[in-house]
Amino acid sequence: MISERECIKMIQDYAARQNSEYLVKGIGDDCAVIKKDESTHLLFTTDTLVEGVHFNLNWHSPYLLGRKCAAVNLSDIAAMGGQPKVCLLSVAFPQGVPSWFENFMAGFSGLLQDYDTLLVGGDTVKGFHGIVISVTIIGEADKKHICYRTGAEAGDMIWVTGPLGNAAAGLYLCQKSLDKPGGPEGEMQQLVKAHLDPEPLVGLGTVLAKSGLVKAMMDISDGLATDLAHLCSESGVGAEVKQEFLPVSQALKQVAAAKQIEPVDWILRGGEDYQLLFTAEPSGEQKLRQLTADHVGREIFIIGRIVAGKGVYLCDKDKRREISYQGYDHFQN
Ligand SMILES: [Mg+2]
C-alpha cells in the first residue's frame with residue numbers, strides 16, 4: 001500500500017506530462033486554475049464525501065449533510081480568493097435513492113443559492129456499500145487577485161481566520177453522544193455545528209485576496225499541521241507556529257478538560273475546520289485586521305512565522321518539535 005500523499009504524487013507526475021496554454025495551475029493547490037480571458041481565470045475544485053468515512057447519518061441530518069457537501073467545495077474556491085459560479089453533483093446510491101435525499105437536496109441547493117452558485121449537472125449511479133457524494137464547483141477570479149499556496153516567503157506572518165479544532169471536537173461529541181438523545185447542549189453546540197455545518201468563507205477569502213497583502217493562502221481541511229506543511233512545501237519554506245498563539249474556543253477547552261483530552265491534538269490534527277490559512281508580510285498586519293473587521297466583522301489571528309528551510313515546527317516556550325503532515329491521511333485513519 002502507498003500513502004495518500006504518494007498517491008497524489010503519482011497522479012501529479014502523470015498530469016505534469018501535459019502542457020497547454022490554458023493551464024495556469026494544475027494539481028497542488030486548492031483549485032486548478034485555467035485561463036478564461038485576458039483578465040479572468042477559472043477555478044476548478046472537486047471533493048468526494050463517503051458514508052462511514054466522511055459522514056455518519058446517525059448524527060448528520062441529510063439537510064446539513066447537503067449543506068456540508070456544498071460548503072467544503074465552496075471553501076476551496078474561497079481559499080483562492082474566487083467567486084463560485086457553477087456546480088456539478090454526482091451520487092452513488094448502494095440500494096436505490098433513499099427518501100431523505102430530498103432533504104439533502106434542500107440543504108445542498110440552499111447553500112449554493114446563498115453563494116450565487118448554479119447547479120448545472122452531475123450523475124447518479126448505483127453504488128456499493130455506503131453512499132458516495134462527489135461535488136465539483138467551478139468559480140472565477142480576477143487573475144491578479146488569485147492567491148496560490150506558492151507565494152510564502154521567510155519573514156511572513158502566518159494567519160488563520162478563526163478557532164481551530166472545533167470541528168474535530170464536534171465530531172468527538174457526536175460520536176460520544178449517540179446514547180444521549182438530543183445531543184450536547186449550550187456552548188457545545190458551537191463545536192457540533194463546526195463539524196456538521198461548516199461555513200465556507202467566500203466573502204472573507206475575496207476581501208483577503210483583493211487586499212493585495214496575502215502572499216499565499218489555502219483552506220484548512222486536513223488539519224493545520226498537514227495543511228501548513230503543504231503550503232510550506234509549495235512555497236519552498238518552513239514555518240514556526242507558536243502554541244500560545246493558536247486560537248482556541250472556550251467550548252473546545254471545556255470539552256477537552258472534561259474528557260481529559262489534550263486539545264492540541266484536535267487543534268493541529270483535527271481537520272475540517274475550513275478556516276483560511278494565509279501568510280503576509282508583518283507590515284500588513286494593521287491593514288489586514290482593519291479590512292477583515294470592516295468587511296466581514298471578524299477577528300483574524302497570527303499564529304507564527306514563515307522561516308527559511310523546511311518543515312513545520314510547533315514552539316511551546318523553549319520546546320520546538322516538528323509537526324509536518326501530522327494530520328489526516330484519508331487512507332491511514
Ligand atoms: Mg483546500
Review point. Roughly what would the spin-label model give for Phe128 and Val97, points 7 Å off Cα along C-beta, in nm?
Key: 2.4
Point to revise | Net length gained if the chain between Leu118 and Lys210 were fully extended (0.36 nm per residue, minus Cα distance) | key: 30.7 nm
Practice item. Would you tally the net charge around Gln243, using a Cβ to Cβ cut-off of less than 14 Å, leaving Gln243 out, and scoring K and R as +1, D and E as -1? Key: +1
Review point. In terms of modelled amide H atoms, which long-range or inter-chain residues lie less than 5 Å from the amide H of Gly311?
Key: Ala239
Study note, to complete from the structure: So, relative contact order of segment 4-142 in percent, Cα under 8 Å, 6 or more apart, is 32
Practice item. Excluding Val132 itself, calculate the net charge of residues whose Cβ lies under 14 Å from the Cβ of Val132, where each Lys or Arg counts +1 and each Asp or Glu counts -1. Key: -2
Practice item. Mind ranking Tyr14, Tyr274, Tyr63, Tyr172 by accessible surface for me, highest first, 1.4 Å probe? Key: Tyr14, Tyr63, Tyr172, Tyr274
Review point. 222 nm [θ] for the chain, helices only, -39500 (n - 2.57) per DSSP H run of 4+, per residue, to 500?
Key: -10500 deg cm²/dmol
Point to revise | Modelled FRET efficiency - R0 45 Å, Gln250 with Gln12, Cβ distances, 0.05 increments | key: 0.65
Check your understanding: To the nearest 0.05, how large is the calculated FRET efficiency for Lys319 and His295 if R₀ is 41 Å and r is the Cβ-Cβ distance?
Key -> 0.60
Check your understanding: Mind ordering 287-293, 265-271 by average Cβ neighbours within 10 Å, highest first?
Key -> 265-271, 287-293
Exercise for review: Give a residue-ordered list of calculated ³J(HN,Hα) values for segment 32-40 (Karplus: 6.51 cos²θ - 1.76 cosθ + 1.60, θ = phi - 60°; whole Hz; x for Gly, Pro).
Suggested key: 7, 10, 10, 5, 9, 8, 4, 10, 10
Point to revise | GluC sites (Glu not before Pro) restricted to DSSP loop in segment 264-333 with at most 12 other C-beta within 10 Å | key: Glu299
Exercise for review: Determine the sum of side-chain charges near Glu322: Lys and Arg each +1, Asp and Glu each -1, restricted to other residues whose C-beta is under 11 angstrom from that of Glu322.
Suggested key: +2
**Study point:** Per DSSP, loop GluC sites (Glu not before Pro) in segment 1-109 with at most 13 further Cβ within 10 Å
**Key:** Glu21, Glu38
Review point. Using a ≥ b ≥ c from the Cα gyration tensor of segment 205-278 (square roots of the eigenvalues), is it rounded, prolate or oblate, where a/c under 1.5 gives rounded and otherwise the larger of a/b and b/c decides, a/b for prolate?
Key: prolate
Review point. Roughly how many debye, to the nearest 20, is the charge dipole of the chain about its Cα centre, given +1 on each Lys and Arg Cβ, -1 on each Asp and Glu Cβ, and no other charges?
Key: 260
**Study point:** Relative contact order of the chain, pairs being alpha-carbon contacts under 8 Å that are 6 or more residues apart, as %
**Key:** 22
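The values are calculated or read from the model by the stated rules, or taken from the named source; none is laboratory data. Since we're looking at a predicted model, the values are computed, not measured. Here Cβ is always computed from backbone atoms with ideal geometry, including for glycine, and neighbour counts include all displayed protein chains. Keep in mind that these areas ignore ligands, DNA and RNA; they rest on the heavy atoms of the full protein, side chains included. Shrake-Rupley method; radii C 1.70, N 1.55, O 1.52, S 1.80 Å.
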